[in-house]
Every structure is written in structure tokens, then in C-alpha cells.
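These notes are about the structure you will find just below.
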Amino acid sequence: MKIIVVDDEPIIVDTLVDILTGEGHEALAVSNGKAAIEWAGMVRPDAVVTDVVMPGLDGVETAKEIRKLLPSCRIILFSGQAASTDLVSKARAEGYIFEVLAKPINPDLLLKKLNSAPEEVEG
Amino acid sequence: MTIKTPWIEADARTGGNEERLQAFVNASFDLVYRMSPDWSELRQIDGKGLVANAGRPLRNWMDEYLLPEDQPKVRAAIDRAIQSKSLFEMEHRIRRVDGSVGWTLSRAVPILDANGEIVEWFGAATDVTARKEAREAQRRLAAIVESSDDAIASKDLNGIVTSWNKSAERLFGYKPEEIIGKPILLIIPPELHKDEDMILGKIRRGEKIDHFETVRVAKNGERIDVSLTISPVRDERGNVVGAAKIVRNITENKKIEQALRTTEKLAAAGRLAATVAHEINNPLEAITNLVYLAKRDVANAAKVEKYLQLAGRELDRVAHIARQTLGFYRDTSAPTTLSITRTLDDLVFLYEKRLEARGIQLVKQYGEDIEIIALAGEIRQALSNLITNAIDAMPSGGKLVIRAAKSRSWRDSKRQGVRVTVLDTGSGISAQHLRRLYQPFFTTKTDVGTGLGLWITRNIIEKHGGTIRVKSRTRAASHGTAFWVFLPFEGKDSVADSGTQSDVPANTSISQRSR
């Protein structure tokens, strides 16, 4: 599976990419939303895992752009801040439904999630 | 102006005194008139500039000089005087020569012949408009004072009460007769008696006291938070002879302020929780991943060591943040020794990520450790508000300068303390916003904040005997905002001359050393 990981904290993207690669995925680390959209257009990933609260383009806006670009791409948002739920529900009101995980994510759980079909997110 | 002799012809009894009477008429300020026995004809009038002169006898004199609605009343008084052949005396309105309506006090005496019949009336009238208006103004003022919701009282320079209105009676429970003539100290709590010397001192120097917040005590012993405005009362020569004071009960305001403070504390705690969540969950995410990797690569000792090293660093970060923030809003009720520079360091550390994310360059200009005695949690909150405001003012980068240095008070150069400067290069605050900056609920940030931050900041600083100043520029070439805070080394001691003395709650003795 081709996966792009987006987070402004290098240690988080680096470790996640290491974990995903170890499980046989092709993972790419980027540090901001703009780069994520650019790389998504080039590598056409199967999944994108992105932080929500980031400087510049936030994770929800990034996810919306990628959804437009690659409708079949799996998008998982992860966040450590309560403020991000507002962003996510705003996106939902606009018709964008994303899976959301709270930081810290258990890596086993993330891997299991990626290997299973996306579950319906409750509205 | 000379009046011809007809005045004299009329009076049979004045005989050879024509000149003396004429002189008297001329010398008088009063207008003088002669009336026919039944007042149907005004025979002569010298208006003295007050009313129009009449050169010839006037039959419709009432229409000429009186207002229509006043005529029946005046006529009735005249009829009574004619009937009793005695003095006519009445205060009534007249049309003045300039067209305006004034008040006059008019008196006329009947001149009787040998048979006791009225030959003529001889009268004089004085303009009493000014006196009447002054009296009315005084009555109006007295009515205002009496009906005011604020307690209004006056005292002489020895502090003896000279007047006492209804609201004063309601507020303090003393009836006017119980307190007029007694010392004002009756309503001043014993420990604040020295205030009265300060107040009287200022009044004697002719100074006014504006909104002095203090405590007074009612007859039943109840303590009342009040705001006093006291003005010197002067005699006509300008000498201060006493003081008039307006007392406003601000007990309710104080309660509301306390509630607002609590609200802001909760809101600040909420904002802090959001920041802490972000700052803690990120390192936790990293640690979780590193632990996973260490387990996965357990055979590779070099790799595991690297992961654990990184995890340790992230753990330090979590621990540091927890230590800083969990102590952050602890309600310290006793002042302690507090390092201003370390407090600033902790705050900067907490907001480091936010600064980085926005591309804000931080310039720290302080070296030596500066300690003050204060309520640590409150001072942290005050400084934190200034720093987060500065960060919020620079959404797309800029420079944040934080300075701390030993200094002296702007108000009193004998008071030593620390001056903290927080300066940003944001867009600045417009003059119209600057005026309302410290008002509760004033905010330009509609999405975050309660509009209480700076209000509470100033509250905290003033409670510690400090001062806060702001300067802001909004020009394109040079813009930004600077806040300066002065905090004395040791809370505040007696500051009788600053209006905020009673702001310090009785249970916090800030000047007390607790080392």
C-alpha cells in the first residue's frame, strides 16, 4: 500500500514511516499540507494519514483537496487537540466525511485499520 | 432722567417736601407708579428700565404689563386692598421692557383724603427675577440631592457632617438628625480612620477626590464597598470651607467583578487545557511509535538504543510541560517568592511551538534572575495573557521581544521592582480600541477569548501594587504594540493615595514575607 504521512513534527512522521515500511508498505513523510497535496498528485497513494492542526494549510483542508484529486484514496486524520473536532465537523457539514483518530495512536491499531475496509463514520 | 412734579401734586400730606420726594423717587431702584382709586387707570409709571414708561394715563394697563392668566389673581388682590383701604402687596409676573417675562414684588399704599376716601394709590415694584430664579435653582438642586440614588453628604473642614440626604440615610441607616453635627468618622471603619486625614488634607488643598474605592460602615455595623467622589466646597471668596461627597454603593459591582474573574479563570483554564493537550499528545504520539519500533527491532541493540534515547527526550518534554502547567493555575492564596525571569522562561517554553508555527522570532532580553514576592499563579496568568495576546497579534510572523529588568515605579521613584516589557510587531491597536482595552468583555478576537484577559491582567497587576502601560502603532511603516508592566519587589504596602487600596482582599496579605 502506498501511504503518505503528514505531520509538522519530524519525529512523528519519521517513526510512523518507519513503522509502516516495516510492515511492507511504501510510506512517504511530508511536513505540511501543501507538500502532501503535491506528492499525492504525483504518487497517487492508497491512503493518507495526516495531522489536523498544522501551520499553513490545516489537515482538514489538505484532506479535502486530496479527496477532490483522488476520490478513492483512504484518508485518516489524527489529532491531539480538541479544537480539531470543530474543523472536522465543519468539513462534515460541507459533505466531507473523514476518519479521525486521537493522538497518540496505537501503531497496531493504525495498521489494522489500514488493512481493513473503511468503516462508516457516524454522522 | 427727571420726573415732573405730578408725583407730588397727588399727595396732599407731603406739602412742602416736593423736592425731597422727587429725589427719593429718582434715587430708588424700584419702578414707581400711581393708580386711580379703583385701579382702573394707571395714572403714571416710571419703569426704571424694567418695564415700559407710560407718558399718559393708561386704562388697559393690565394687558400692557401683566400676562392674561395672571390678571384674575392680581385683580383679586387689588380688590381686597381697595376694600380694606390697606397695603397692596404681591409677587407676580410682569412683561419687561425687553419683551421677556420677569418677576416683581409690587407694593402700593392708598392715599386717603380728609374723609378717609381713597384719592389715589402710590406704588413701587422691585425686580425679583434673579432672586426668584436663584431660589428655584436651589430648590431644584435640593430636590435632586434628596432624590439621588447616591448618598450625598457634606462636611466641614473638621470632618463634621453638615448635610445628609435620603440615600445616605438609606445606605448608612443614620437619620439626618442623628448624624448632622457629628464626626464623619462614624461611618469610617476604625482601621481606615487615617484615610480621613488624607481626604481632609486633599480637600484643604482644594483638590478633588475621584472614585476612591474604599469601605464604609453602616449604623448596624455592616461593611459596605463604596466609591467616593469628594469635592471641596468654597465660600464666595474662594476659600475652602468644607467638602461635598457622593457615596456610591459598589458592593454589587464587586460581586459581579468577582464572578467575571472566576469566568475568566475558567476560560483561561479551558484555553490552557487545549494548549496542553496539543503539547502533550504530540510527544506521546512519538513515544508510542518509538516503543513500537523498539519492540519490533528488539534484536538490533544499536537501533533500540537510538529509539529509547529519542523516547527519553520526548518524555522529558511531556514531564516538563506537565510540571509547568499543572502548577499553572493552582490557587495560591499566600504570596511566595517568585522568579519573574523563570516564569517568563516557562511561558516561552509553553508557547514555543506556537511561535515556531507562526514564524515568530523570539528575542529574550533578560539575564539575571529577578525575584519578587507575589501570588505566583496570578502573576503567571497576567504575563501569559500579555504573551498570548502578542502571539495572536502576529498570525503571519513577526518579532516578539520580552524584556525584564530591575526598575523603579513610574509613579513613585522610591518603589523598586521589576519592569517587564512584551513587545510585538503585529498590526497594532487602533486609538479607538486602545481606549477600551482594559474594559471587561472588550475583544477584537471574536473566535477566541472572553474579552476579559487584559482586564484581569490589569486587575492582578494593580492588586500587587503594580502598573501597566501600553503603546501601539498602526502605521504601515511602523506598527506593533508594547506593554510595560511594573511590579514592586514586595507586593504593596500602604498606598493610601491610590484609589485601589481596598482592591486587595482582606485575606491576602501580600506584603507579608513568607521566606
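The values are calculated or read from the model by the stated rules, or taken from the named source; none is laboratory data. Here the structure is a predicted model, which means the values were calculated and not measured. FYI the Cβ positions are ideal-geometry reconstructions off the backbone, even for glycines, and counts take in every protein chain you see.
Here is how the numbers come out for the structure above:
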quantity	calculated
Candidates A:Gly56, A:Gly95, A:Gly33, A:Gly24 - the one that is touching a Gly at 6+ places or on another chain (Cβ under 8 Å) and surrounded by fewer than 18 Cβ atoms within 10 Å (Cβ to Cβ)	A:Gly56
Single residue of the range B:361-378 satisfying the filter (crowded, with 17+ Cβ neighbours inside 10 Å and free of Cβ contacts under 8 Å to residues at least 60 places away in the same chain) that is farthest from B:Lys265 (Cα to Cα)	B:Tyr366
Subset of the range A:21-33 (residues that are facing chain B (nearest Cβ under 10 Å) and not in a loop (DSSP other than H, G, I, E, B))	A:Gly22
Residue within the range B:152-160 that is of a type in the set (Ser, Thr, Tyr) and closer than 30 Å to B:Asp30 by Cβ present	no
Residue match in the range B:220-230 (condition: loosely packed, with under 15 Cβ neighbours inside 10 Å, under 22 Å from the mean Cα position of the chain (by Cα) and in a helix (DSSP H, G or I))	no
Enumeration of residues in the range B:117-142 that are assigned to a helix (DSSP H, G or I) and under 15 Å from B:Ser86 (Cβ atoms)	none
Residue check for B:Lys245: in contact (Cβ under 8 Å) with a residue 12 or more places away in the chain, in a strand (DSSP E or B) and among the basic types (Lys, Arg)	yes
Qualifying residue in the range B:209-222 (condition: touching a residue at least 60 places away in the same chain (Cβ under 8 Å) and on the phi > 0 side of the Ramachandran plot)	yes
Selected residue (criterion: surrounded by the fewest Cβ atoms within 10 Å (Cβ to Cβ)) from residues of the range B:288-310 that are more than 7 Å from every other protein chain (Cβ to nearest Cβ) and touching a helix residue (DSSP H, G or I) at 6+ places or on another chain (Cβ under 8 Å)	B:Val298
Any hit, the range B:100-108, residues being closer than 16 Å to B:Leu66 by Cβ, free of Cβ contacts under 8 Å to residues at least 12 places away in the same chain and surrounded by fewer than 19 Cβ atoms within 10 Å (Cβ to Cβ)	yes
1 or more residues under 12 Å from the mean Cα position of the chain (by Cα): qualifying helices (runs of 4 or more DSSP H) within the range A:49-123	A:59-69, A:107-115
Single match in B:Ala114, B:Ala168 (criterion: out of contact with any Phe, Trp or Tyr (no Cβ under 7 Å at 6 or more places or on another chain), assigned to a loop (DSSP other than H, G, I, E, B), of a type in the set (A, V, I, L, M) and over 30 Å from B:Ser100 (Cβ atoms))	B:Ala114
Evaluation of B:Thr325 against (1) within 20 Å of A:Gly80 (Cα to Cα); (2) polar (S, T, N, Q); (3) modelled with pLDDT of 85 or more (one fails), failing number	(3)
Residues that are modelled with pLDDT of 50 or more and more than 18 Å from B:Ser407 (Cβ to Cβ), drawn from the range B:476-501	B:Ala476, B:Ala477, B:Ser478, B:His479, B:Gly480, B:Thr481
Residue within the range B:351-371 that is more than 14 Å from every other protein chain (Cβ to nearest Cβ) and under 34 Å from the mean Cα position of the chain (by Cα) present	no
Residue that is nearest to B:Arg380 (Cα to Cα) [pool: residues in the range B:459-481 that are in a strand (DSSP E or B) and basic (Lys, Arg)]	B:Arg469
All positions within the range A:79-102 that are within 13 Å of chain B (Cβ to nearest Cβ) and either more than 20 Å from B:Lys353 (Cβ to Cβ) or in contact (Cβ under 8 Å) with a residue 60 or more places away in the chain (or both)	A:Lys90, A:Leu101
Subset of the range B:48-91 that is assigned to a loop (DSSP other than H, G, I, E, B) and among the small types (Gly, Ala, Ser) - its residue that is nearest to the chain's Cα centre (by Cα)	B:Gly49
Complete set of residues in the range B:418-434 that are more than 29 Å from the chain's Cα centre (by Cα) and among the small types (Gly, Ala, Ser)	B:Gly426, B:Ser427
Residue within the range A:103-123 that is in contact with a strand residue (DSSP E or B) (Cβ under 7 Å, 6 or more places away or on another chain), within 12 Å of chain B (Cβ to nearest Cβ) and among the acidic types (Asp, Glu) present	no
Those residues of the range B:376-410 which are among the charged types (D, E, K, R) and more than 13 Å from B:Gly466 (Cβ to Cβ), in sequence order	B:Arg380, B:Asp392, B:Lys399, B:Arg403, B:Lys406
Index of the failed condition, B:Thr421 passing every other in (1) touching a Phe, Trp or Tyr at 6+ places or on another chain (Cβ under 7 Å); (2) among the hydroxyl-bearing types (Ser, Thr, Tyr); (3) buried (at least 19 other Cβ atoms within 10 Å of the Cβ)	(3)
Residue check, A:Ala47 more than 11 Å from every other protein chain (Cβ to nearest Cβ) and over 24 Å from B:Glu314 (Cα atoms)	yes
Which listed residue is without any contact (Cβ under 8 Å) to a residue 12 or more places away in the chain and within 25 Å of B:Asp235 (Cβ to Cβ), from B:Ala134, B:Ala168	B:Ala134
Some residue of the range A:64-78 being of a type in the set (D, E, K, R), away from chain B (no Cβ under 14 Å) and exposed (fewer than 15 other Cβ atoms within 10 Å of the Cβ)	yes
Any hit, the range B:344-352, residues being aliphatic (A, V, I, L, M), touching a Ser or Thr at 6+ places or on another chain (Cβ under 6 Å) and either crowded, with 20+ Cβ neighbours inside 10 Å or within 20 Å of B:Ala273 (Cβ to Cβ) (or both)	yes
Test: residue in the range B:132-141 that is of a type outside the set (A, V, I, L, M) and touching a helix residue (DSSP H, G or I) at 6+ places or on another chain (Cβ under 8 Å)	no
Residue list for the range A:2-20, filter: in contact with an Asp or Glu (Cβ under 6 Å, 6 or more places away or on another chain) and either surrounded by fewer than 20 Cβ atoms within 10 Å (Cβ to Cβ) or at the interface with chain B (Cβ under 9 Å from one of its Cβ atoms) (or both)	A:Lys2, A:Asp7, A:Ile12
